[in-house]
Amino acid sequence: MTGRTAVPEVIWARPERAGRGPRAARSRADIAAAAVRIADADGLDAVSMRHVATELGCGTMSLYNYVPRKEDLYELMVDAISGEHEPWEPTGDWRADMLRVAHQTRALMHRHPWLPRLMSPVYGFSPNALRYLEHCLVCLDPLDASYGTKMELIAMLNGVVTTYVGNELATAERTRSLPWSAEQEQAMRIAYLGSRIATGAYPRMAAAFTQDAGPIDLEAVFERALGRVLDAFEPKG
């Protein structure tokens, strides 16, 4: 394929368009925006070099002059979405600011449900991702910790958000595919679970349900998960 190499390279270190000839007719931003539109409408599996080229009104092979690999196309997409993070003036309360980052990331992933599938530290150093990381580190200035520890905090918080949203999206997708409502299924499963616990074979589960019969407040669970990550980084003593 045109532009494909057998050695690793960073798409951001390449010129906008490979080879000689006229000035680039399309920017990486144009290409990323087209790929994001496709993914938002039809899912990540619908994104292909051919589909993106059609969206842009160009030939598939000409697109390889700009993006040598599909993996690079994914990186452009992640960077484009990273640009949707809206920085703000930090408050001086690093916990509050990082909670705000986490909620912003969660909302962003719900706007682009394919994003959790592409979350990777490999994509963490694109232009928009670098601006996002720098903003997070500014928010963490009041935290008395090394930069390595702060980067670990950011990674762990992103991991919790990605996992949580991934589960939310998977649950919603499964629910849409069922011939009954989520409430009907939940009632059926609770009834079955109650019948199993009533056998006396699961005393600890019985005690757990006695203490908290539900329903589970998923928003509160999310907040507690974030809080526990941040608690681990609170200076001791």
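The values are calculated or read from the model by the stated rules, or taken from the named source; none is laboratory data. Quick caveat: nothing in here was measured; it's all calculated off a predicted structure. Heads up, the Cβs are rebuilt from the backbone with ideal geometry, glycines too, and the neighbour counts pull from every protein chain shown. Surface areas here come from the heavy atoms of the whole protein model, side chains and all, with no ligands, DNA or RNA. Shrake-Rupley method; radii C 1.70, N 1.55, O 1.52, S 1.80 Å.
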Scan of the range 73-90 for residues that are in a helix (DSSP H, G or I) and open to solvent by 30 Å² or more (accessible area, probe 1.4 Å), ordered by number: Tyr74, Ala80
Exactly one of Val165, Val221 is modelled with pLDDT of 90 or more, surrounded by 15 or more Cβ atoms within 10 Å (Cβ to Cβ) and in a helix (DSSP H, G or I), and that one is Val165
Working only within the range 48-72, note down all residues that are touching a residue at least 40 places away in the same chain (Cβ under 8 Å), closer than 21 Å to Arg117 by Cβ and not in a helix (DSSP H, G or I). Val67, Arg69
Any residue that is within 19 Å of the chain's Cα centre (by Cα), surrounded by fewer than 19 Cβ atoms within 10 Å (Cβ to Cβ) and modelled with pLDDT of 95 or more - is there at least one of those in the range 52-72? no
Failed condition for Ala29, given (1) modelled with pLDDT under 95; (2) in contact with a Cys (Cβ under 8 Å, 6 or more places away or on another chain); (3) not polar (S, T, N, Q): (2)
Which residue out of Ala213, Ala172, Ala187, Ala182 is modelled with pLDDT under 85, closer than 28 Å to His110 by Cβ and of a type in the set (A, V, I, L, M)? Ala182
